[in-house]
Structure formats: C-alpha cells, structure tokens
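K.L.:
Please see the structure below; I have some questions.
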Amino acid sequence: MTRRLWLDVADLLRLAWPVMLSRAGILLMAFCDIVMLGRYGEGAVGVSNLGLSIFVPVLVLGIGLCSGMVPVISQAFGAGNWNECGRAWRRALIWGAWLSLVGSWIVWQGESLLLLFGQNPDLAARGGDVAIALAPGLFAQVMFAVCAFYLEATRRPNFAMLAMLFANLINLGLNWVFIFGNLGVPEMGAIGAAIASTLARFAAFGAMLAFILWQPNPMAAGVRGPWETFWGPGGWRAGWPMRKLGLSGGLSGGFETIGFAAMTMFAGRLGSEALDAYSISHNLVSTLFMVGLGLAIATGVRVGIAQGRGDPRDAALAGWVGFGTALGLMSLLGLATYLGRDWLAWIYTDDPVIQARAAGLFVFAALVFVPDTAQIVMGQAVRALGDAWIPILCYIAAFTLLMIPMGWAMVNIFGFDERGLVIAVIAACMLATVSLAWRFHILTARTR
C-alpha cells in the first residue's frame, strides 16, 4: 500500500505541475502588473486591483461554467473513446464563446458596479477604466481555459503551460511599454498594464487553438469534422452533462470569488494604504492558489478516468491522495511565506509603509493556503464523481453566508484592520474543506 501511495502521488504531481504553472500564469500576469505598478506610483496598485475585482469574479465564473468538460472528457478518455473527447471540446468552445461574450459586457460596466459596491466616484472611475481595458481579454482567457481543459483531461497538460509562459513574457514586455510610456507610447499606468494583459491573453489562446487543430490525426481525435448543429457535435442535449457539472463549478467558484471581491471592497473602505496592502496579500494568495488549482484539476482528471474505466475504489483513492498531497505541499508553501514575508513584501513594492503592512498581513495569509487548496481539491473530486449540486450549497454556506458577514463584522464591529478580512477568509475555507471532504467520503463509501 505504501508503494501504491507513492506511485499515486508521483502520477498526481506529474499531471499537476504543468497545470499548476499554466494556472499560475493566469495570475502571474496580475503579479507582474502589481510589481511594476508598485514602482510606478502610489495608488496604481489599488486602482488596478479594483478593476481586477470586477474582472476576476466574472472570469472565474466563466471558466467554472466551462469546467464541467473536464469530468466529461476524462471519463471518455478513461473509457477509450478518443473521438468523443474532441467532440466534447468543440461543444465546449461554443458554450465558452457565448459565456465569455456576456462576461465581457459585464466587465465593461465596471465603473457602475464599483459605484454600486460603495467605492468613491474617483476610484470607481479609474477602476472602471481598467476594467474596460481588461474586458476583451476575458473572451481570450475563457477560450484558452477551454483548450487547456481539453488537453489536461486527455493527460497532455504541457503545451498549456508553455503557452501561458509565452503569454507572460509578452505581458512583461508590453507592461514596460504601456505602463511607463516607453518606445514613444503614451504613459498609461494601470490602464496600460490591463491592455498588455489583454493582448497577451489573445496570443495564448491563438497558440492553443493552433496546437489542438493541428495535432496528429485531428479527425480521429474529434477536433475536426462536421459540427452537425449550432451547438456543436451532438447538439444542445449532448452538452448537458458538461453544462450541468460546469454550472456547479461555475457557481461554486463564483460564490467564492464574489466573497473575495467583497473583502477587497471592505479593504477599500479602510483607506488606500489598507487597500494596497490587502491587494498585495490577495495577489500572493491567489497566485499560490494556482498551485492548489493544479492539484485540484489533476485530482479531478484522475478521479474521472478511474470512474470512466469502472474502478470506483481507485477513484476514491485518487481523491484522498489529492487531498493529502494538498495538505502537505501547501503547508510547506505557507511556512516559506511566513519565513520570507519581509522579502516578499519588498518584491511587491518599494513603499516602506505598504511593505510593513503587507509583511504583517502575510503572517495571516500563510494560514490561508492549506484550507483554500484543500477545499478546491475536494470540490473537483466530488464533481468528478458526477455530483453537481451539493458543492454549490457548500460554497454558498462558506463564502456567502459566513465569509462576507464575518469580514464586514471584523472591520465594522470589532475594529480590525485588513488582518480581520484574512481571518474571515481562513474561516470560510475551513468550512468549505470540511463539508466537501465529508461529501466525498459519503459518495465513495456508497461504491464499496
């Protein structure tokens, strides 16, 4: 059994690490933006994060609504139905395109949404301009995710990682041009960073699309061939399992991200220094969360493949191996963050006041990593078994009914600064972890 566990962990990490880097690359763009904006001028980081607070929840919701393709394709892959994997990808392309167009329109209304959430008119206008520059990139990022999900569910995650690394290099160079006004381009600050990210996202999607369409024997793989209907091969009904599980993933991620966006709004009411410090802390948590998301997707793929080949005991083992690996790996990253908190704060900004506040906040942020990763791993494992609805209830309870009221109370009743917001995040993630792990235990116990 010990040897089997080690082999399972090795297989999980072999599949997970390219997914980790691919997903980390999505937020590595935001990390690069924040680091460069932190050296551009006071307030630029906070304005950028306000725009991202509109963009990211919609992006996460869109990607989540497409994530139901992962268990569908991984089960088809496990059953040896290679052609159906590509047909499902084409159905997901149409679904993702419609979702992302609606999402881009929502992000375009960023200024109105920020005013609705209580931001002052000046910050709302500046954050809204950033959101407008980010809006077209939402389409590219969702479509990139659809392509990445297809490759990951068929155990080919490496190209998605390379495409996202390529996009980050483009983003870095364009940031230098657009933020600071080099090569004769006007100096645009936070808006320039958003434009750079949008262009980089389209480059990544184009590379992914070309790779999939020109893979060996694309007709047999199902990625080329008759579309049959407007909604792709098999039509609307054939896409229902994908949409059902995607609705669960999208709403779950949406409730979580809305909760985090609310924490950003509460931080904004504490002042610009609190907002900058919380934005830096949130970016670090979000970036390292991509490590957890890589583990979660790899766990879901392994659970789905085992389920597809009719091996429920192996599916249960795959889920618990993912859970245990998440606990161990994220504990190490939390410890590293705690020990290196001052150095990390220096990387983000050269403002000594913001450095001190961010370093103090990293002490609490380090405690977020384990429960935040554990809950997403268990959520993906539960959905890989076909459970669409219980995870939604778990996320509503944790991130809407607990985190938002608790964050508001920590600031407005108990007098905490931004550290109180991170404490609320920790409590919500722990509740989600316990409830989803219990649900996975119930589902796998029935199959023994």
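K.L.:
Just checking, which of 264, 257, 198 is farther than 22 Å from residue 144 by Cβ and polar (S, T, N, Q)?
P.N.:
Numbers: 257 fails: farther than 22 Å from residue 144 by Cβ; 198 fails: farther than 22 Å from residue 144 by Cβ.
Just a single option satisfies the conditions, and that option is 264.
K.L.:
Also: With in contact with a helix residue (DSSP H, G or I) (Cβ under 6 Å, 6 or more places away or on another chain) and open to solvent by less than 20 Å² (accessible area, probe 1.4 Å) as the only criterion, which of 301, 291 stands out?
P.N.:
On the way: 291 fails: open to solvent by less than 20 Å² (accessible area, probe 1.4 Å).
Unique residue meeting the criteria: 301.
K.L.:
Can you name every residue in the range 1-48 that is in contact with a Gly (Cβ under 6 Å, 6 or more places away or on another chain) and among the charged types (D, E, K, R)?
P.N.:
The one that is in contact with a Gly (Cβ under 6 Å, 6 or more places away or on another chain) and among the charged types (D, E, K, R): 23.
For every residue, the table says whether it meets (1) at pLDDT 90 or above; (2) out of contact with any helix residue (DSSP H, G or I) (no Cβ under 6 Å at 6 or more places or on another chain).
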position: 341; (1), (2): yes, no
position: 347; (1), (2): no, yes
position: 368; (1), (2): yes, no
position: 391; (1), (2): yes, no
position: 405; (1), (2): yes, yes
position: 421; (1), (2): yes, no
position: 430; (1), (2): yes, no
position: 447; (1), (2): no, no
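K.L.:
Go over the candidates 179, 212, 191, 195 one by one and state the one that is in contact (Cβ under 8 Å) with a residue 40 or more places away in the chain and touching an Asp or Glu at 6+ places or on another chain (Cβ under 7 Å).
P.N.:
Values: 179 fails: touching an Asp or Glu at 6+ places or on another chain (Cβ under 7 Å); 212 fails: touching an Asp or Glu at 6+ places or on another chain (Cβ under 7 Å); 195 fails: touching an Asp or Glu at 6+ places or on another chain (Cβ under 7 Å).
Checking each option against the conditions leaves just 191.
K.L.:
Here's something else I'd like to know. When you go through (1) more than 26 Å from residue 29 (Cβ to Cβ); (2) open to solvent by less than 40 Å² (accessible area, probe 1.4 Å); (3) aromatic (Phe, Trp, Tyr) one by one for residue 416, which number turns out not to apply?
P.N.:
(2)
K.L.:
For residue 417, work out the one condition from (1) at pLDDT below 90; (2) farther than 17 Å from residue 262 by Cβ it doesn't fulfil.
P.N.:
Among (1) at pLDDT below 90; (2) farther than 17 Å from residue 262 by Cβ, the lone unmet condition for residue 417 is (2).
K.L.:
Scan the range 368-397 residue by residue and report those that are under 25 Å from residue 335 (Cα atoms), in a helix (DSSP H, G or I) and among the hydrophobic types (A, V, I, L, M, F, W, C). Let's see the steps before the verdict.
P.N.:
Taking the range 368-397 as the starting set, the residues that turn out to be under 25 Å from residue 335 (Cα atoms) are 368-379.
Within this subset, residues satisfying the condition of being in a helix (DSSP H, G or I) are 369-379.
Within the range 368-397, 369, 370, 374, 376, 377, 378 qualify.
K.L.:
Still on this structure: Do you know which residues across the range 56-70 are closer than 12 Å to residue 99 by Cα and of a type in the set (Gly, Ala, Ser)?
P.N.:
So the first thing to find is which residues in the range 56-70 are closer than 12 Å to residue 99 by Cα, and the list is 58-66.
Matches in the range 56-70: 62, 64.
K.L.:
Pick from 19, 70: which is closer than 23 Å to residue 258 by Cβ and assigned to a helix (DSSP H, G or I)? Even if it seems obvious, please write down each step before you answer.
P.N.:
Details: 19 fails: closer than 23 Å to residue 258 by Cβ.
Selected residue: 70, the only one of 19, 70 that is closer than 23 Å to residue 258 by Cβ and assigned to a helix (DSSP H, G or I).
K.L.:
Follow-up. Return the residues of the range 133-176 that are of a type in the set (Val, Ile, Thr) and free of Cβ contacts under 8 Å to residues at least 40 places away in the same chain; say none if nothing qualifies. Can you show your working first?
P.N.:
If we filter the range 133-176 for residues that are of a type in the set (Val, Ile, Thr), which is where we start, we get 142, 146, 154, 170.
Result: 170, single match.
K.L.:
If you check 163, 194, which single one turns out to be small (Gly, Ala, Ser) and touching a Gly at 6+ places or on another chain (Cβ under 7 Å)? If you could, list the steps in order and put the result at the bottom.
P.N.:
Numbers: 163 fails: touching a Gly at 6+ places or on another chain (Cβ under 7 Å).
Exactly one residue qualifies, and that residue is 194.
K.L.:
Determine which single condition residue 275 fails, assuming it passes every other condition in (1) surrounded by fewer than 24 Cβ atoms within 10 Å (Cβ to Cβ); (2) in a helix (DSSP H, G or I).
P.N.:
Among (1) surrounded by fewer than 24 Cβ atoms within 10 Å (Cβ to Cβ); (2) in a helix (DSSP H, G or I), the lone unmet condition for residue 275 is (1).
K.L.:
Still on this structure: Working only within the range 242-272, note down all residues that are outside any helix (DSSP H, G or I) and of a type in the set (Lys, Arg).
P.N.:
269
K.L.:
In the range 371-409, how many residues are open to solvent by 40 Å² or more (accessible area, probe 1.4 Å) and of a type in the set (Val, Ile, Thr)?
P.N.:
Matching residues across the range 371-409 total 4.
K.L.:
Scan the range 329-369 residue by residue and report those that are farther than 28 Å from residue 43 by Cβ and either open to solvent by 40 Å² or more (accessible area, probe 1.4 Å) or of a type in the set (A, V, I, L, M, F, W, C) (or both).
P.N.:
Answer for the range 329-369, where residues must be farther than 28 Å from residue 43 by Cβ and either open to solvent by 40 Å² or more (accessible area, probe 1.4 Å) or of a type in the set (A, V, I, L, M, F, W, C) (or both): 329, 330, 331, 332, 333, 335, 336, 338, 339, 367, 369.
K.L.:
Examine the range 248-261 for a residue that is among the small types (Gly, Ala, Ser), in contact (Cβ under 8 Å) with a residue 60 or more places away in the chain and within 23 Å of residue 358 (Cα to Cα), and state whether such a residue exists.
P.N.:
As a first pass, look at the range 248-261 and keep what is among the small types (Gly, Ala, Ser): 248-250, 252-254, 259, 261.
If we keep only those that are in contact (Cβ under 8 Å) with a residue 60 or more places away in the chain too, we end up with 248-250, 252-254, 259, 261.
Pick out the ones that are also within 23 Å of residue 358 (Cα to Cα) and you get 259, 261.
So far as the range 248-261 goes, yes, one or more of its residues are among the small types (Gly, Ala, Ser), in contact (Cβ under 8 Å) with a residue 60 or more places away in the chain and within 23 Å of residue 358 (Cα to Cα).
K.L.:
Condition first: in a helix (DSSP H, G or I) and open to solvent by 20 Å² or more (accessible area, probe 1.4 Å). Now tell me which residues in the range 115-125 satisfy that.
P.N.:
Step one: filter the range 115-125 for residues in a helix (DSSP H, G or I), giving 115-116, 121-125.
Scanning the range 115-125 gives 115, 116, 121, 122, 123, 125.
So that you can scan it fast, the table gives a plain yes or no per residue for (1) under 20 Å from the mean Cα position of the chain (by Cα); (2) open to solvent by 30 Å² or more (accessible area, probe 1.4 Å):
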position	(1), (2)
4	no, yes
43	no, no
48	yes, no
56	yes, yes
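K.L.:
Could you list, in sequence order, all residues of the range 81-114 that are closer than 13 Å to residue 222 by Cβ, open to solvent by 60 Å² or more (accessible area, probe 1.4 Å) and not polar (S, T, N, Q)?
P.N.:
Within the range 81-114, just 82 meets the criteria.
The values are calculated or read from the model by the stated rules, or taken from the named source; none is laboratory data. These numbers come from a predicted model, not from an experiment. We place every Cβ from the backbone using ideal geometry, glycine too, and count neighbours over all the protein chains shown. SASA here: full protein model, heavy atoms, side chains in, ligands and nucleic acids out. Shrake-Rupley method; radii C 1.70, N 1.55, O 1.52, S 1.80 Å.
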